Amino acid sequence: MVARMRTAVVTGAGGGLGRAIAIELATRGFAVWATDIDAEAAAGTATKLGEAAHASALDVRDEGACRALAATVVADTGTLDLWVNNAGVLATGLAWEQSEEVRGSMLSINAAGTMNGTVAALEPMVTAGRGHVINVISLAGIVAAPGEVAYAASKHAAMAFTLGTLFDLRRAGHRGIDVSALCPDGIWTPMIEDKLDDPDAAGSFSGHLLTPAEVAREVGKLTDRPRPIAIVPRWRGPLLRIFDLFPRLGVRLLPAVMWDARRRQRHYKKLIQSGRWPQSRD
């Protein structure tokens, strides 16, 4: 008998990190359903993945649409093995100057969208007794990020939901289903490509700027060995947690930290504009 291909749904797969994740999963033998609010972008990704790939328009803010997609995947292939919640948006700025609409967009996509995708995927996974949900969170999900406060708040909510759902699955006796939070440092995607001169976005450049391919490989590793939390690079997590654990110290260190973040932001700008990065990294 021919072995069944594993199936995977990737949200926000029309470009950037989502497209890189879809490509990585396809190389690992998954039949990928590339989804995006932009149907044409999703289709463009699917064409790169081979005959087993599918493309669908999906607005992650619509729980019913997420559930319908999960049902379609199961009806078509018989199973849903992996769901990657990657869709997200970022708006920078001082917290009190952002409009309700801007804050609401990040909360509805980054937080509620992650929740919608997770519960949609878990419906058939619980029935089957197996499956894996990977939620792309960000380091902003474990530290309050100056200049990206509402974004960080939405990612904190996604992190709490991810870990809490895993706890509930184990509490209910579901051992064959995993839920993972992937927390990468800043990634060179369209989300930050227009923010090289934005001081409020400096935090995204403050550490180890990653490429989509690097983060996609971490998603691939999680499919082989699921973990509740994967931080990329690993050393950044404990360092950033200091600011949440000791907020008084964080406030005192903030001027120096942001100065260094701006310095690194300008450094990456020079590398990128000179063509020395990221080509040399992939």
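Write out, first by first residue and then by second, each pair whose Cβ atoms fall under 7 Å of each other, whose residues are 6+ apart or on separate chains, and whose first residue, in the stretch 76-103, is among the hydroxyl-bearing types (Ser, Thr, Tyr) while the second is assigned to a helix (DSSP H, G or I) and surrounded by 13 or more Cβ atoms within 10 Å (Cβ to Cβ).
Every condition considered, the pairs that remain are 79/128; 92/200; 92/201.
With the structure loaded, tell me whether residue 32 is buried (at least 16 other Cβ atoms within 10 Å of the Cβ), closer than 17 Å to residue 122 by Cβ and modelled with pLDDT of 95 or more or whether it fails that test.
On the way: buried (at least 16 other Cβ atoms within 10 Å of the Cβ): yes; closer than 17 Å to residue 122 by Cβ: no; modelled with pLDDT of 95 or more: yes.
The answer is no for residue 32.
The conditions are (1) buried (at least 22 other Cβ atoms within 10 Å of the Cβ); (2) touching a residue at least 60 places away in the same chain (Cβ under 8 Å); (3) farther than 20 Å from residue 33 by Cα; (4) of a type outside the set (Ser, Thr, Tyr), and residue 145 fails exactly one of them. Which is it?
For residue 145, the exception is condition (2).
A quick yes/no check of all residues on (1) over 17 Å from residue 193 (Cα atoms); (2) over 23 Å from the mean Cα position of the chain (by Cα):
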position: 238; (1), (2): yes, no
position: 241; (1), (2): yes, no
position: 247; (1), (2): yes, yes
position: 273; (1), (2): no, yes
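In the stretch 138-167, which residue that is small (Gly, Ala, Ser) and not in a helix (DSSP H, G or I) is nearest to residue 198 (Cα to Cα)? Spell out the reasoning first.
Step one: of the stretch 138-167, the residues small (Gly, Ala, Ser) are 138, 140-141, 144-145, 147, 150, 152-154, 157-158, 160, 164.
From the residues that got through so far, the ones that are not in a helix (DSSP H, G or I) too are 138, 144-145, 147.
Values: 138: 19, 144: 18, 145: 14, 147: 10 Å.
Across the stretch 138-167, the extreme among qualifying residues is 147.
Cβ-Cβ distance below 8 Å, separation of 6 or more or different chains: which pairs start in the stretch 43-60 with a residue that is surrounded by fewer than 22 Cβ atoms within 10 Å (Cβ to Cβ) and of a type in the set (A, V, I, L, M) and end on one that is modelled with pLDDT under 95 and not in a strand (DSSP E or B)?
Short answer, once both residue conditions are applied: 52/5.
Does residue 160 count as under 23 Å from residue 243 (Cα atoms) and either surrounded by 21 or more Cβ atoms within 10 Å (Cβ to Cβ) or in contact (Cβ under 8 Å) with a residue 12 or more places away in the chain (or both)?
no
The values are calculated or read from the model by the stated rules, or taken from the named source; none is laboratory data. Note that the structure is predicted; figures quoted are calculated from it, not measured. Every residue, glycine as well, gets a Cβ built from its backbone with ideal geometry; the counts of neighbours run over all protein chains shown.
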